[in-house]
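Working notes, structure below.
The values are calculated or read from the model by the stated rules, or taken from the named source; none is laboratory data. Source: prediction; values computed, not measured. No Cβ is skipped: glycine too gets one built from the backbone with ideal geometry, and neighbour counts run over all protein chains shown. The protein model used for the area step is the full one, side chains on, heavy atoms only, and it has no ligands, DNA or RNA in it. Shrake-Rupley method; radii C 1.70, N 1.55, O 1.52, S 1.80 Å.
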There are 2 protein chains.
Amino acid sequence: MSVEDGIDFAIIELFFFAYRDFTSDPDQILADYGFGRAHHRVLHFVNRRPGLTVAELLDVLKITKQSLARVLKQLIDTDHVVQLQGPRDRRQRELYPTAKGRALALALARPQSRRIRAALEDSSATERALVERFLEAMVNPELRAQIDVGSAKMSGKSHGEH
Amino acid sequence: MSVEDGIDFAIIELFFFAYRDFTSDPDQILADYGFGRAHHRVLHFVNRRPGLTVAELLDVLKITKQSLARVLKQLIDTDHVVQLQGPRDRRQRELYPTAKGRALALALARPQSRRIRAALEDSSATERALVERFLEAMVNPELRAQIDVGSAKMSGKSHGEH
DNA sequence: AAATTACGTCAATAGTACTGACATAATCTC
DNA sequence: GAGATTATGTCAGTACTATTGACGTAATTT
């Protein structure tokens, strides 16, 4: 079981190594743009949930608005993200990726996706589902609502350019 | 399959959320000591591989010695880690946890371990092995040597105070 | 004896995060 | 409609983790 003193050092460590290398892929690309991981995270979620508001983004990232400000401003200034006034509530700013932003988000996701594919190479659909279930179970229960496994709810995709 | 454009957004995102919450557990405890995540990582590996040298630690953490310096110094000053002159090569500094250091490492690992246990609650040994294999496969192949799943090689455990 | 290695340290900088405070516009509530 | 609340933006100050580059010392290797 590789558990010692009831402490699961094996998985704790594997998780560290796995995440370290998982995030190292996009880091290379980001450096070319003068961006960091924070930009990646913002761009990822704007791309995944086009039209989400600033408040929603803060909630997903679990950072403060002051932390988001610089990063978001840079993404807007470099034409990766645009803000639109909320239709229902004009105080809100809906965030959308531009074509440029979508392209970068995709470029960043590609090597990560490749790594995942390689890791699941000989895995069945059942095994893949098991890994997904494990990762989901590692998330705080109250926060699982944030997860959007892509099936329903998010039709994204066809949002035009803005 | 929840794959879109050949990009595995589902697992990319799950990995982000899982790691975010996984690291949030120890963060609370660390704050009480005025420590950060860097201290946690150092303490973890010193505890796991007692006697490892500074160079080995740098290699595992993939940071520079200047980054390590401050954090390691604090852990030494607060009596969580001790340095011993290398027996073969007196230039080397072997790092060992003190009893205090081991206690903190354990305290930090406990909530993470609890989270993992909960996530694997209804899982068989086979399923657990599958998750381990997935995480290991996510690590860069050249770096898998760093992993030490606890079975062999590392007898740690019985090192006395130093 | 000279080169290399392991480690420590000083200085300057960058990226990401935080708290606290204040401003503006829009919406909600009484 | 007046006042409270909400969504967002911004300014100032600080902390933590990380970087590069440079230099020093002691020990080992060549």
_Per-copy distances of the A:A145 label point, shortest first, in nm (7 angstrom along Cα→Cβ)_ = 4.9
*Where in chain B are the helices, taken as whole DSSP H runs, whose Cα atoms extend 27 angstrom or more along the long axis and whose Kyte-Doolittle mean reaches at least -0.5?*
B:9-33, B:99-119
*Identify the residue of chain A whose Cβ lies closest to the rotation axis that maps chain A onto chain B, and give that distance in whole Å.*
A:Y19, 2
*Carbon and sulfur together cover what percent of the accessible area of the stretch A:84-127 at a 1.4 Å probe radius?*
46
*Would you kindly work out, in nm and rounded to one decimal, the distances from the label point of B:T126 to those of the same position in each other copy, ordered shortest first, with label points 7 Å along Cα-to-Cβ?*
0.7
*Under the Kirkwood approximation for Rh and a Cα-based Rg, what ratio Rg/Rh is obtained for the protein assembly as shown?*
0.99
*Compute the relative contact order of chain B as a whole-number percentage, counting only Cα pairs closer than 8 Å that sit 6 or more residues apart in sequence.*
23
*Rounded, prolate or oblate: which fits the stretch B:9-143 when a ≥ b ≥ c are the square roots of the eigenvalues of the alpha-carbon gyration tensor, with rounded for a/c under 1.5 and prolate only if a/b beats b/c?*
prolate
_Accessible area per residue for chain B in Å², computed with a 1.4 Å probe and the full protein assembly in place, what is it?_
50
*Would you look at the GNM of chain A, springs on alpha carbons closer than 10 Å, and say which of A:D89, A:D27, A:D79 moves the most?*
A:D89
*Can you list, shortest first and in nm, the gaps between the label point of A:A107 and those of its counterparts in the other copies, using a point 7 Å from Cα in the C-beta direction?*
4.6
*asked:* Using protein chains only and a probe of 1.4 angstrom, how many square angstrom of B:D122 are accessible, to the nearest 10?
replied: 140
*asked:* Based on alpha-carbon centroids, what's the gap between the stretch B:1-53 and the stretch A:72-140 in Å, whole number please?
replied: 19
*Tell me what chain A gives for mean residue ellipticity at 222 nm when only DSSP H runs of n ≥ 4 count, each as -39,500 (n - 2.57), the sum divided by the residue total, rounded to 500 deg cm²/dmol.*
-18500 deg cm²/dmol
*Protein accessible surface hidden between A and B, which excludes ligands and nucleic acids, total in Å², probe 1.4 Å*: 6200
